[in-house]
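Structure first, commentary second.
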Amino acid sequence: TKTISKCYVQVTGMTCASCVANIERNLRREDGIHSILVALMAGKAEVRYNPAVIHPSAIAELIRELGFGATVLENCGEGDGILELVVRGMTCASCVHKIESTLMKTNGVLYCSVALATNKAHIKYDPEIIGPRDVIQAIKDLGFTTSLVKKDRSASHLDHKQEIRQWKRSFVVSLVFCIPVMGLMIYMMVMDSQLSDAHTHHNMSSEEMEALHSSMFLEYQLLPGLSVMNFLSFLLCVPVQMFGGWHFYIQAYKALKHRTANMDVLIVLATSVAFVYSFVILLVAMAEKAKANPVTFFDTPPMLFVFISLGRWLEHVAKGKTSEALARLISLQATEATIVTLGPANVLLSEEQVDVELVQRGDIVKVIPGGKFPVDGRVIEGHSMVDESLITGEAMPVTKKPGNTVIAGSINQNGSLLISATHVGADTTLSQIVKLVEEAQTSKAPIQQFADKLSGYFVPSIVAVSVVTLFAWIIIGFVDFEIIEKYFLVKVIIRFAFQASITVLCIACPCSLGLA
């Protein structure tokens with residue numbers, strides 16, 4: 001008997017089905033090559049050969065001579081089939097041992113592990129020798145009932161609707177309260193600039209300035225130390241802090257629980273410190289019955305939350321669009337297949353409906369007019385027109401006759417076909433496309449990885465800078481009070497130090513938007 005080995009070759013430069021046919025046709029003619037199967041989307045060829053006659057490197061060379069790039073893949077475990085089963089009727093460890101030992105003795109089963117607690121079996125097998133139906137039958141023969149673990153075909157893990165809703169709500173809440181805060185801010189700025197103009201042109205004394213300032217409506221004190229401006233800002237800030245920032249607080253809490261600092265931690269720190277500080281300052285001013293109104297930062301949280309929740313919302317909308325396309329692709333897959341048994345001269349002996357995951361390589365599948373092709377395969381009998389627009393984008397149906405290849409998910413139109421399955425399960429063209437798109441979504445661009453790495457250091461370093469700022473200004477204030485007095489009319493050192501450190505925190509927040 002000739003020993004037959006199997007190798008996998010990565011093939012680059014294939015553009016369409018004719019490239020696949022070209023490689024398969026030419027390599028089959030070569031001595032020592034038993035069979036070859038090429039998957040276009042995965043860019044992989046599976047070759048069975050006689051090692052006494054030809055080597056994998058020579059096979060790759062043959063493909064290169066046809067004008068394609070080819071490298072031999074070392075880790076050939078990728079061709080193994082994996083099967084997840086639910087096994088019912090096991091009562092003790094001896095049942096588990098019975099199933100495991102029987103399957104491991106079965107030719108073609110490479111690995112088998114059965115868990116009694118979860119009733120699950122995990123099996124690796126060689127699809128050349130054995131298939132999922134044979135494995136299920138072997139377990140049934142032992143007296144247990146078994147079924148496939150149902151795959152989630154709805155692609156619900158790709159659904160971003162809930163996140164989109166959540167961030168949109170967060171953005172709208174923040175925006176509603178942010179607009180009046182911005183209005184108040186702009187009004188104050190305009191009035192302040194007018195006052196300073198009056199001061200320079202009319203040479204008013206600072207007492208007169210103070211009097212004019214406090215006569216403004218927003219500076220009017222409702223209670224001693226509580227101005228209309230601060231009261232309104234506080235009222236507008238509370239709902240944003242509670243509802244707009246809710247998701248940020250949850251995320252930040254989770255991050256801190258795992259001892260990491262992410263963007264959310266920085267946002268929560270900045271907004272909370274600004275809010276709590278302003279609130280405390282107001283209470284102190286009211287307790288002191290202060291004449292001058294304290295400087296508060298109630299405008300910070302709404303503004304920050306608006307920008308950042310808008311960013312998150314847009315990000316999820318973009319993700320949702322790609323995922324929607326993916327979910328549509330997944331929904332194109334057939335769920336069932338009709339497997340037939342052929343007698344001599346291609347006479348139909350029997351047919352049965354099975355789950356598409358149970359189709360094995362080499363099975364004969366019957367596809368009726370209007371039916372979807374459940375797997376990739378080669379036509380053995382029948383003539384028909386097939387709509388392959390889901391893969392090729394070509395509106396006109398393609399003629400299929402014996403020897404032609406068909407693609408899973410495409411629609412058979414007028415004739416009944418018998419096909420021999422070549423690529424099943426995760427190897428079909430459609431599954432490969434879905435896998436590629438999913439990988440593209442989950443993998444990160446190098447610059448993104450770099451940004452993530454940076455932001456890991458970014459957050460703690462900003463917090464550190466902010467704390468340093470706080471203490472530096474407190475020290476400067478106590479050592480040389482004139483500096484602060486010269487530049488600012490604020491008499492309280494701590495207050496100014498806090499202002500400086502909050503400023504550092506708040507400025508760093510949108511900065512990390514740049515990082516993001």
For a quick check of your reading of the model, give me the residue pairs whose first member lies in the stretch 352-364 and is under 16 Å from Val379 (Cα atoms), whose second is open to solvent by 50 Å² or more (accessible area, probe 1.4 Å) and assigned to a loop (DSSP other than H, G, I, E, B), with beta-carbon atoms closer than 9 Å and at least 6 apart or on different chains.
Arg361/Glu128; Gly362/Glu128
Determine the pairs where a residue that is basic (Lys, Arg), located within the stretch 318-331, has a partner that is loosely packed, with under 15 Cβ neighbours inside 10 Å with Cβ atoms under 9 Å apart, the partner being 6 or more residues away or on another chain.
Lys319/Gln441
Odd one out for Arg328 among (1) modelled with pLDDT under 85; (2) in a helix (DSSP H, G or I); (3) within 20 Å of Ile267 (Cβ to Cβ):
(3)
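Results for (1) closer than 15 Å to Thr429 by Cα; (2) aliphatic (A, V, I, L, M); (3) surrounded by 15 or more Cβ atoms within 10 Å (Cβ to Cβ), shown as yes or no for each residue.
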{"position": "Ser5", "(1), (2), (3)": "no, no, yes"}
{"position": "Gly13", "(1), (2), (3)": "no, no, no"}
{"position": "Asp31", "(1), (2), (3)": "no, no, no"}
{"position": "Ala39", "(1), (2), (3)": "yes, yes, yes"}
{"position": "Gly43", "(1), (2), (3)": "yes, no, yes"}
{"position": "Tyr49", "(1), (2), (3)": "no, no, yes"}
{"position": "Ser57", "(1), (2), (3)": "no, no, no"}
{"position": "Leu62", "(1), (2), (3)": "no, yes, yes"}
Tally up the residues in the stretch 198-243 that are small (Gly, Ala, Ser) and modelled with pLDDT of 80 or more, please.
2
The correct count of residues that are modelled with pLDDT of 85 or more and farther than 30 Å from Leu116 by Cα in the stretch 141-174 is 11
State which residue pairs qualify: first residue under 15 Å from Cys92 (Cα atoms) and in the same structural domain as Val87 (by the TED database) and inside the stretch 107-130, second residue open to solvent by less than 60 Å² (accessible area, probe 1.4 Å) and not in a strand (DSSP E or B) in any location, beta carbons under 6 Å apart, and separation of 6 or more residues or different chains.
Val114/Val96; Val114/Ile99; Val114/Glu100; Leu116/Met90; Leu116/Val96
Looking only at the stretch 167-188, filter to residues that are of a type outside the set (A, V, I, L, M) and under 11 Å from Phe305 (Cα atoms); which one of those is surrounded by the most Cβ atoms within 10 Å (Cβ to Cβ)?
Ser174
Restricting the stretch 361-375 to residues that are outside any loop (DSSP other than H, G, I, E, B) and hydrophobic (A, V, I, L, M, F, W, C), the residue that is most open to solvent (accessible area, probe 1.4 Å)
Ile364
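The values are calculated or read from the model by the stated rules, or taken from the named source; none is laboratory data. Everything numeric here is computed off the predicted structure, so don't read it as measured data. All Cβ positions, even for glycine, are placed from backbone atoms using ideal geometry, and neighbour counts span all protein chains on display. Ligands, DNA and RNA are excluded from the accessible area calculation, which covers all protein heavy atoms including side chains. Shrake-Rupley method; radii C 1.70, N 1.55, O 1.52, S 1.80 Å.
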